[in-house]
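Written below as structure tokens is the structure these notes are about.
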Amino acid sequence: NNGFTGLTQVAAGTLQLGSATALSNAVALVVAPGATVDLGGFSVTVSGVSGAGVVSNGQLTVTGAIAPGTNGVGELTFALTDAAPGGTLVVEARTDGTCDVLHATGNLSLNGMSLQVVDDGQLNRHKIYTIARSDGALTGRFGAKSLPSPWFVFYDYSARAVKLSARVGTLIGVQ
């Protein structure tokens, strides 16, 4: 059992876990672009995961934040057969339509997850933001969402993507 409770940064290469308890539940992972955390086929629980790298080979449960990107918007990849991470997806967006993305190379379940958009003033009403996508099946919905009006979450199950969009336009009443 590992008693380490700090931040574990994987800056390059692959960190391969040798047991299910190689990381304590209080560890937050930061996976840099080009780096990989290989769960070693184990079921692992961490307090958070962030960055623009890859988490692979096992089952990951997150009790806190899942924050794609490194110092700005980016894509965090879960190369897992079935990703049902839980936790809170924390997304940054830019006025040009780019945003953080959680990408699952297998199935992705949103059950047990919530959504938080950081600096929602950066959202552009004329853009649609893809915040999560899955190469396999996409299932579930975010439990809690922190979105300003007129923004909403659009679950496009056939395209296996989760998007943010704004309701804009004019409502005309006819009598």
Would you work out the relative contact order for the range 1-130, in percent, from Cα pairs under 8 angstrom that are 6 or more residues apart? 17 percent
Once the dipole of the range 48-175 is set up with Lys and Arg at +1 and Asp and Glu at -1 on Cβ about the Cα centre, which of TYR129, THR98, GLY74 lies farthest towards its positive end? TYR129
Debye equation applied to the C-alpha atoms of the range 59-135, log10 I(q)/I(0) at 0.12, 0.15, 0.18, 0.23 Å⁻¹: -0.31, -0.48, -0.68, -1.04
Computed from every Cα-Cα pair in the range 67-112, P(r) in 5 Å bins starting at 0 and rounded to whole percents is 6, 23, 25, 23, 14, 7, 1
Write down the accessible area per residue of the chain in Å², having rolled a 1.4 Å probe over the full set of protein chains. 47 Å²
Measuring from centroid to centroid over Cα atoms, what is the spacing of the range 81-138 and the range 3-62 in Å? 20 Å
If you roll a 1.4 angstrom probe over the protein chains with everything in place, what fraction of the accessible area of the chain belongs to carbon and sulfur, to the nearest %? 50 percent
Over the Cα atoms of the range 1-43, what radius of gyration and what Dmax do you get, in Å? 10.1, 28
Quick one: work out the % antiparallel among DSSP beta bridges in the chain, nearest 5. 20 percent
Work out Dmax and Rg for the chain from the C-alpha atoms and quote the Rg first, both in angstrom. 17.0, 70
Equivalent ellipsoid semi-axes for the range 14-98, as square roots of 5 times the alpha carbon gyration tensor eigenvalues: give them largest first, rounded to whole Å. 22, 13, 11
Which listed residue (SER114, VAL174, GLY140) has the Cα farthest towards the positive end of the charge dipole for the chain, taking +1 on Lys and Arg C-beta and -1 on Asp and Glu C-beta about the Cα centre? VAL174
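The values are calculated or read from the model by the stated rules, or taken from the named source; none is laboratory data. The model shown is predicted, which means the values in this text are computed figures rather than measured ones. Positions of Cβ are backbone-derived with ideal geometry, glycine not excepted, and every protein chain shown enters the neighbour counts. Heavy atoms of the whole protein, side chains included, go into the accessibility calculation; ligands, DNA and RNA do not. Shrake-Rupley method; radii C 1.70, N 1.55, O 1.52, S 1.80 Å.
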